Every structure is written in structure tokens, then in C-alpha cells.
Amino acid sequence: MITIEQVEKLKKYTGVSYATAKEALEQTDGDILEAVILLEKQQKIQPQSEKIVETKFEEKAKSFDGSGKKSKDSEVNETFREIGRFLKDLLHKGNTNRFDVIKDKKVVMMIPMTLFVLLILFAFWFMLPLLVIGLFFGYGYRFSGTDLEKTKVNEAVDKVTDVTLKAGEIVAKAASDLSKEIQKKDDTQHGENSNH
């Protein structure tokens, strides 16, 4: 069954009439890509690669003034578009990559990188001590996601985690040894006091 949405999409994409779009979709059982290829073969539309090139050329031609130089408005618009694309890509990467908090090789918390960066920027003096204290309590950290999964950042974070855990073990052992020494001295002093 061919839907109106499919016909409208093909019509918008190819620029053919409603009837032509519907006919092509009926012949391809509703497959839009196959309908585009069919219309190209029937020469009812030009191949998409040529159409894309023509469209890009027309856009570039519009951005120049009569003297062959780019107009100021088109330069400003192009700059804003580039900034917009950059910010959109950055936000997308920030939301698809994560900062993971790990305890006993299990992920206990996943924070999107966008939120993590904002926390570091605006709550740095709270976050840094929290992260360090977490290391001493056996928590580890890892960056994950399509862009950060296999980076050297994770190797560095793992090394810092290992060093901190070892330092924590050394401090805990030293505290335990000190506690035992103090206990021995107390026991020795109590033994001497009871003999007198």
C-alpha cells in the first residue's frame, strides 16, 4: 500500500508530479530509492549526482555579486552556517559519548560528555575533589562512545586510577600498621601499669 507521505517525499525529492511519483512507487512496491532509480532510467529526472552538482553551483552563483566577488551578506551567512554546523556536530558528539563511573568493573553511572564538560566548567572546584575522592574509594573512570572508546585518554585515566588505588592501598596499610603499633604500645603500657 502506497501512502501519501511516500508520494509527497518522492515528489519533493525528485521534483516530479504527484501522479508520476505515485506511479513510480506503485511499480517499485513503495521503495523510494528504487522509485528514484526507475525515474532516472525513464529519464523523468536527471541522475542525483548531476542534480546535486547543479544545485551547489547555483547556490555558489547566488552568493556572488555582479563583480564576481562574494557579497558581504553571503560571507556572513556562510560563516554562521559553518559555526552552526560545528556546534551541531559538537553537541551530537557530546551526547553520543559518555563519561562512565566504574566500581568493581561495573558501570554505576553514565554522564553524557556535554553534561560532564558543563559540570567541569561551572563546578570545577566541586567536581575535581569529588573525582579524586572517588578514586580513593575504589571508583574508576572511563570515556566511552563512538569517538572516545579507543583513545589514549582512557589509557591515561586507567593509569591514574591504578596509581591512585595503589596509593590508597599504601595509605590504608600504613594506617593499619600505625594503628597496630599504637595498640601494642597501649597494651605494653597497661601491662607495666598493672605490674606496679
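Does N77 meet the test of being touching a strand residue (DSSP E or B) at 6+ places or on another chain (Cβ under 6 Å) and at pLDDT below 85? No: the conditions fail for N77. Check the range 39-54 and report whether any residue there is among the β-branched types (V, I, T) and at pLDDT 85 or above. Checking the range 39-54: not a single residue is among the β-branched types (V, I, T) and at pLDDT 85 or above.
Scoring G94 on the criteria (1) surrounded by 12 or more Cβ atoms within 10 Å (Cβ to Cβ); (2) modelled with pLDDT of 85 or more; (3) closer than 30 Å to Y139 by Cα leaves a single failure, condition (2). Looking across L128, L115, one residue alone is part of a helix (DSSP H, G or I), out of contact with any Ser or Thr (no Cβ under 9 Å at 6 or more places or on another chain), more than 22 Å from L91 (Cβ to Cβ) and at pLDDT 85 or above. It is L128.
The values are calculated or read from the model by the stated rules, or taken from the named source; none is laboratory data. Since the structure is predicted, the reported quantities are computational estimates derived from the model, not experimental observations. All Cβ positions, glycine included, derive from the backbone under ideal geometry; neighbour counts span all protein chains shown.
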